[in-house]
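Undergrad: Shown below is the structure under consideration.
The values are calculated or read from the model by the stated rules, or taken from the named source; none is laboratory data. Computed from a prediction, not measured in an experiment: that's the story for all the values here. Because the Cβ atoms are built from the backbone with ideal geometry, glycine has one as well, and the counts that use them run over all protein chains shown. Just the protein is used for accessible areas: all its heavy atoms, side chains included, with ligands, DNA and RNA removed. Shrake-Rupley method; radii C 1.70, N 1.55, O 1.52, S 1.80 Å.
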Amino acid sequence: MQFRSIPCEGTAVSELPVLCQDSATDPLTDALRMVKLTGAVFHLVDASTPWGVEIPRAQDYSPIILPRAQHVISYHIILKGAGWIEIPGVASTWFEAGDILVLAHGDPYALLSAPGQTPEFDRTATIAFFRDWMAGKVPFVMREGGGGPGGAEYMCGFLGCDMRPFNPLLSTLPRLLRVNWSRNDQRDLLGRLIDLTLTDARLPRLGGESIRMRLSELIFVEVIRLFVQSLPAHETGWLSGLRDPAIGKVLAVIHEAPAHHWTLAALAKEAAMSRSAMVARFTHLIGHSPMQYLTLWRMQIAARLLADSSMKVASVGHEIGYESEAAFSRVFKKTVGVSPARWRANAIAGI
């Protein structure tokens, strides 16, 4: 398999240790659960040359396809042919059959048969398509283009997730993540998931939508796992922290026991490092100090509990390690910007 993230620093991939798996729930699984990753919808495009489509900012179409999602991630699985993807501020990037393109930050972009061409579907037409799509007015396979030879066939998927108050996964992903997969590799889980998704979509059955939603989530998670394995040795960010043996252990114990009264000395002991060395390495890789990260992660858990449960505010605070409601409410408002009660009210109202 080949892995490409755009943009990337020019560091060669080296042999790195695997993700820490000492805890029952690894931090990546924990983060995916807490940011409430939800399978959304997808469709298949059969494009003939010349072809092109502009996709606006995610915030412009997410109310149509995922009205309750805080954020939408889009991805495209290239099944046949080739083309170009253009993102403002990023060089035009070639893609071909076997590539998966993930756009995690809601950027506007265009998929084109040739760089710089005028797309058949501009942003206004794409928004209209999304409305018809959600109304059930278009088939699963959408044909477009000028009818010329060549072209491309690709599947478009959209996933909803939480972005507030803290999504460590999104913050570490590049603006364009490109992963290449191969059906010829019998060990290739990603290829098998894609084949299952296409097979199920082409043979409509009861419960098919639920199955395809789960498959959509699994495809995304597998892409992220493969991306983690490809990270250069000197890359920074949350995913790189997971790959680091010492800092990965610190992240694991924080996620395993967020309510524990952690100290820097205790976390350094888990990492088998001196306190100063652990703090320096953690901050360099993650972008937050260990205690800042612990607070942010606690607030993400609290935000999820406030939105999805009827627990009292004091009980939510106790669940993540705060002995008093006042102390929890003070930290939550300072970190998130609103009180726990206001956050819950906004979540109920879908704001």
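Undergrad: Determine whether D188 is free of Cβ contacts under 8 Å to residues at least 24 places away in the same chain, surrounded by fewer than 19 Cβ atoms within 10 Å (Cβ to Cβ), of a type in the set (D, E) and over 18 Å from L103 (Cα atoms).
TA: no
Undergrad: Consider the stretch 278-304. How many of its residues are hydrophobic (A, V, I, L, M, F, W, C), open to solvent by 30 Å² or more (accessible area, probe 1.4 Å) and over 12 Å from V250 (Cβ atoms)?
TA: Count: 2.
Undergrad: Does M163 fit the bill of being in contact (Cβ under 8 Å) with a residue 12 or more places away in the chain, aliphatic (A, V, I, L, M) and open to solvent by 40 Å² or more (accessible area, probe 1.4 Å)?
TA: Values: in contact (Cβ under 8 Å) with a residue 12 or more places away in the chain: yes; aliphatic (A, V, I, L, M): yes; open to solvent by 40 Å² or more (accessible area, probe 1.4 Å): yes.
Considered against the rule, which asks whether it is in contact (Cβ under 8 Å) with a residue 12 or more places away in the chain, aliphatic (A, V, I, L, M) and open to solvent by 40 Å² or more (accessible area, probe 1.4 Å), M163 comes out as yes.
Undergrad: In the stretch 96-125, what residues are among the aromatic types (F, W, Y) and over 20 Å from the mean Cα position of the chain (by Cα)?
TA: F121
Undergrad: Do we find a residue being assigned to a helix (DSSP H, G or I), of a type in the set (D, E, K, R) and on the phi < 0 side of the Ramachandran plot anywhere in the stretch 147-169? Can you show your working first?
TA: Applying the first criterion (assigned to a helix (DSSP H, G or I)) to the stretch 147-169 yields 168-169.
Cutting the leftovers down to of a type in the set (D, E, K, R) gives us none.
No.
Undergrad: Scan the stretch 84-142 residue by residue and report those that are of a type in the set (A, V, I, L, M), outside any strand (DSSP E or B) and open to solvent by less than 30 Å² (accessible area, probe 1.4 Å). Talk me through it step by step, then tell me what you get.
TA: If we filter the stretch 84-142 for residues that are of a type in the set (A, V, I, L, M), which is where we start, we get 85, 87, 90-91, 97, 100-104, 110-112, 114, 125, 127-128, 134-135, 138, 141-142.
Restricting the remaining residues to those that are outside any strand (DSSP E or B) gives 97, 104, 114, 125, 127-128, 134-135, 138.
A104 - this is the single residue of the stretch 84-142 that is of a type in the set (A, V, I, L, M), outside any strand (DSSP E or B) and open to solvent by less than 30 Å² (accessible area, probe 1.4 Å).
Undergrad: Cβ-Cβ below 6 Å, separation at least six or inter-chain, first residue in the stretch 209-238 and over 21 Å from F282 (Cβ atoms), second among the hydrophobic types (A, V, I, L, M, F, W, C) and part of a loop (DSSP other than H, G, I, E, B): which pairs?
TA: Note: pairs meeting the criteria are E217/L37; S230/V13.
Undergrad: Scan K80, K36 and give me the residue that is in contact with a Phe, Trp or Tyr (Cβ under 9 Å, 6 or more places away or on another chain) and surrounded by fewer than 18 Cβ atoms within 10 Å (Cβ to Cβ).
TA: The conditions single out K80.
Undergrad: Could you list all residues from the stretch 317-336 that are touching a residue at least 60 places away in the same chain (Cβ under 8 Å) and open to solvent by 30 Å² or more (accessible area, probe 1.4 Å)? Step through it out loud before you land on a result.
TA: As a first pass, look at the stretch 317-336 and keep what is touching a residue at least 60 places away in the same chain (Cβ under 8 Å): 319-321, 335-336.
Once the filter is applied, which keeps residues that are touching a residue at least 60 places away in the same chain (Cβ under 8 Å) and open to solvent by 30 Å² or more (accessible area, probe 1.4 Å), the stretch 317-336 yields E319, T335, V336.
Undergrad: Counting only residues that are at pLDDT below 85, give me the helices (runs of 4 or more DSSP H) lying completely in the stretch 185-248 with at least 3 of them.
TA: Of the helices (runs of 4 or more DSSP H) lying wholly inside the stretch 185-248, those with at least 3 residues that are at pLDDT below 85 span 189-202, 208-230.
Undergrad: Report whether or not A259 is of a type in the set (A, V, I, L, M), assigned to a loop (DSSP other than H, G, I, E, B), surrounded by fewer than 19 Cβ atoms within 10 Å (Cβ to Cβ) and modelled with pLDDT of 90 or more.
TA: Yes.
Undergrad: If we keep just the residues of the stretch 195-221 that are within 17 Å of the chain's Cα centre (by Cα) and not hydrophobic (A, V, I, L, M, F, W, C), which is least open to solvent (accessible area, probe 1.4 Å)?
TA: Ranking the candidates gives S216 first.
Undergrad: Let me ask something else. So H43 clears everything in (1) more than 27 Å from G136 (Cα to Cα); (2) modelled with pLDDT under 90; (3) open to solvent by less than 20 Å² (accessible area, probe 1.4 Å); (4) of a type outside the set (S, T, N, Q) except one condition, right? Which one?
TA: Tallying (1) more than 27 Å from G136 (Cα to Cα); (2) modelled with pLDDT under 90; (3) open to solvent by less than 20 Å² (accessible area, probe 1.4 Å); (4) of a type outside the set (S, T, N, Q), H43 fails exactly one: (1).
Undergrad: Continuing with the same structure: Mind listing whichever residues of the stretch 111-121 are over 14 Å from G145 (Cβ atoms) and at pLDDT 90 or above?
TA: Selection gives P115 alone.
Undergrad: On to the next question. Are any residues in the stretch 49-77 assigned to a strand (DSSP E or B) and buried (at least 18 other Cβ atoms within 10 Å of the Cβ), and if so, which ones?
TA: G52, V53, E54, I55, H71, V72, I73, S74, Y75, H76, I77
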